[in-house]
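Notes follow once the structure below has been shown.
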Amino acid sequence: MDFRCIFYISMVPPTGIYETLYERGIKVSATYFEPGCDFVGGFEGGKEETYVASEFRSGGVPENLISDWNLEEYFEEELDEVQEWYQDGVNDLNIGGAVDTN
């Protein structure tokens, strides 16, 4: 038996639910990404694996999680937002210090 659903929760994936379903003979395959706490992971075959999401470029995250959650695009957009936020602050304070985007 397979069970499919989507959880919209913050900070902690519902691994207790996954474990209970798995123990009852239900196949569970789940992935999750929590950008605020910088982790990404999955649950399959009764086992959970969690990784530091921002380490995806150094090989610290399995390829399926990188593609499932489009981590490259997410962190590129995140970097752009931080650089824009910083530059806005510099401009507001008139202190110079342009952001190097290269």
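The values are calculated or read from the model by the stated rules, or taken from the named source; none is laboratory data. Everything numeric here is computed off the predicted structure, so don't read it as measured data. Because the Cβ atoms are built from the backbone with ideal geometry, glycine has one as well, and the counts that use them run over all protein chains shown.
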**Message:** For the range 65-102, give me the residue count where each residue is part of a loop (DSSP other than H, G, I, E, B), at pLDDT 75 or above and among the hydroxyl-bearing types (S, T, Y).
**Reply:** 0
**Request:** Please go through the range 6-62 and pick out each residue that is charged (D, E, K, R), exposed (fewer than 12 other Cβ atoms within 10 Å of the Cβ) and within 17 Å of E76 (Cα to Cα).
**Result:** R57
